[in-house]
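Colleague: Got a structure for you, questions after.
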Amino acid sequence: MSTRLGLPARGLDPDAITDLLEQYRERDVDWRSGKLWAYVFDPGERAEQVIKRAYMAYLSENGLDPTAFPSLVRFENEVVAMAIGHLQGDADVVGNFTSGGTESIMLAVKSARDWARSRRPELRERRAKIILPITAHAAFHKAAHYLDLEVVPVEVDPISFKADVAAMAAAIDEDTIMLVGSAVSYAHCVVDPIVELGALAIERGLWLHVDGCMGGFLLPYFRRLGRAIPEFDFSVAGVSSMSMDLHKYAFAAKGASVVLYRDRELRRHQIFTCATWTGYTMSNATVQSSKSGGPVAAAWAVMRYFGDAGYLELAKQVLAGTERVVAFVDAHPDLRLLGRPDMNHVAIASDSVPLFRLAEAIDQRGWFMQVQLSYGSSPANIHLCINPLNLPGIDKLLVDIADAVEQVRDAPPSPLVAQLRPLLGQIDPATLDGATLRGMMQMAGIQPGSPGGIGADINELFDILEPALRARVVTEFMNELFVPKPIAVDADESLGQ
């Protein structure tokens, strides 16, 4: 066996390809076991079959030209109509299907920017601003980065972790174009005060986007099941746009999301059309041009498969599981909730147990925990997304968490952190070159380019880094991770070329 860059000399038969596919996934997380508490949202095998059948049926159809494949337009319009009704929109609300929450958010931010420029041409010469609670999703920072906008981050209530409307109002100036609220925020799973933010948006003439990527689909069901969920959708005056992912709790195949607007006049700013080249006049409602019809067909199929009653039953089961986890944390003397979750995410912190050691000890028992580093008023925590696939294992997980607490209670702090802490304050991330940073990372045990897991020592180190330096380290890690590697070929395949 040797390696080479470029295409292999000869193709492989389907069975060999299947074998390689399975070989490549050997180190992947086994999400089907129900022990992964993030990233994958799965409602069960029967629904998965429906999703995959629809996806594959439309895998090759291209959404580039809506006149060529009117079935894709029909799927999209029906999916968007279901989303509008779910979020209490009226006949004026419009929207589009996108590849995920990040694309939905980027489109909403782009639309808000261009809407503001159409009303205030002077903003074309200045860097406009969007005001975000620090709990708003990082995709808004990404959109601002791509669209050359300034993010104005605002602290939230340190107990509830909900947006501080007064603080956001105080941050508004003549260059502000947009306010953002979450329903729910990812990290703490709370609904921001959208009614108050809507009133502020109307008063100041600003665009308000409600990020319902995580919670928009499930929150209405939790309300119907008796949860006191504040108003957050198009029933609220002042809401200009919303995003809602379907590949989360509608359980569609990735990537599937919608971005919705109060009316066509707002949505017009989303659309890009180019007639100034020698080819066809290109007009795209979303960021992508060519795109498979598979995701929208699969989203349509799974929403038709479950229907309202099916989703309500799944929500009932997830709510019951969430309440068991919350009750366990509330009763445990060493653990506490960050915020009071409005939905099915739970952020678990501790003032007496080393958090990253605890997460590592839980993972060693066969689970996969997501950890969130400290930032602002939010301390480091373990984050659980509770899905139907996780429900059979909740009791075992809670037993393992309790045992892990006892195991790590007296664990000493990381010697790596003690060793490096004095040096970190002397580092200026802006002047740190890549080679020096890679050397520092290797000294700390961070292997750039390695996709392996990150242990407690590294997480403790990340947690004490200033955000700017933390970002530089992770950027360097990512830059080294995606580097082309020669593929393995059989010996006879490398001869005679």
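Colleague: Hey, can you tell me all the residues within segment 189-244 that are among the small types (G, A, S), without any contact (Cβ under 8 Å) to a residue 40 or more places away in the chain and more than 28 Å from R120 (Cβ to Cβ)?
Modeller: Hits for segment 189-244 are G226, A228.
Colleague: Which numbered condition in (1) closer than 24 Å to A331 by Cβ; (2) within 25 Å of the chain's Cα centre (by Cα) is the only one that P354 fails?
Modeller: Result: P354 passes all but (2).
Colleague: I need the full set of residues from segment 280-291 which are over 23 Å from A108 (Cβ atoms) and either at pLDDT 95 or above or β-branched (V, I, T) (or both), in order please.
Modeller: Correct list: T281 only.
Colleague: Output the residue which, of all residues in segment 6-23 that are among the hydrophobic types (A, V, I, L, M, F, W, C) and either part of a loop (DSSP other than H, G, I, E, B) or touching an Asp or Glu at 6+ places or on another chain (Cβ under 9 Å) (or both), is nearest to V483 (Cα to Cα).
Modeller: Per the stated criteria, the residue is L7.
Colleague: Give all pairs with beta carbons closer than 9 Å in which a residue from segment 373-399 that is assigned to a loop (DSSP other than H, G, I, E, B) meets a residue that is of a type in the set (F, W, Y) and surrounded by 17 or more Cβ atoms within 10 Å (Cβ to Cβ); count only pairs at least 6 apart in sequence or on separate chains.
Modeller: Matching pairs, first to second residue: L373/F462; S377/F161; A380/F356; I386/W37; N387/W37; N387/F41; N387/Y249; N387/F251.
Colleague: Now a separate question. In segment 295-308, is there at least one residue being over 26 Å from L59 (Cα atoms), surrounded by fewer than 16 Cβ atoms within 10 Å (Cβ to Cβ) and either without any contact (Cβ under 8 Å) to a residue 40 or more places away in the chain or touching an Asp or Glu at 6+ places or on another chain (Cβ under 7 Å) (or both)?
Modeller: yes
Colleague: Quick one: in segment 55-76, of everything that is in contact (Cβ under 8 Å) with a residue 12 or more places away in the chain and hydrophobic (A, V, I, L, M, F, W, C), which residue is nearest to S257 (Cα to Cα)?
Modeller: In this case the residue turns out to be F75.
Colleague: Right, Q49: surrounded by 11 or more Cβ atoms within 10 Å (Cβ to Cβ), modelled with pLDDT of 85 or more, out of contact with any Cys (no Cβ under 7 Å at 6 or more places or on another chain) and not hydrophobic (A, V, I, L, M, F, W, C) or not?
Modeller: Spelling it out, Q49 is indeed surrounded by 11 or more Cβ atoms within 10 Å (Cβ to Cβ), modelled with pLDDT of 85 or more, out of contact with any Cys (no Cβ under 7 Å at 6 or more places or on another chain) and not hydrophobic (A, V, I, L, M, F, W, C).
Colleague: Scanning segment 357-369 for residues that are surrounded by fewer than 20 Cβ atoms within 10 Å (Cβ to Cβ) and closer than 14 Å to A456 by Cβ, which turns out farthest from the chain's Cα centre (by Cα)?
Modeller: Taking the candidates together, the pick is Q364.
Colleague: Collect the residues in segment 460-487 that are touching a residue at least 40 places away in the same chain (Cβ under 8 Å), β-branched (V, I, T) and under 26 Å from L7 (Cβ atoms), keeping them in residue-number order.
Modeller: Result: I487, single match.
The values are calculated or read from the model by the stated rules, or taken from the named source; none is laboratory data. Here the structure is a predicted model, which is why all the values come from computation and not from measurement. Please note: Cβ atoms are built from the backbone with ideal geometry, for glycine as well, and neighbour counts cover all protein chains shown.
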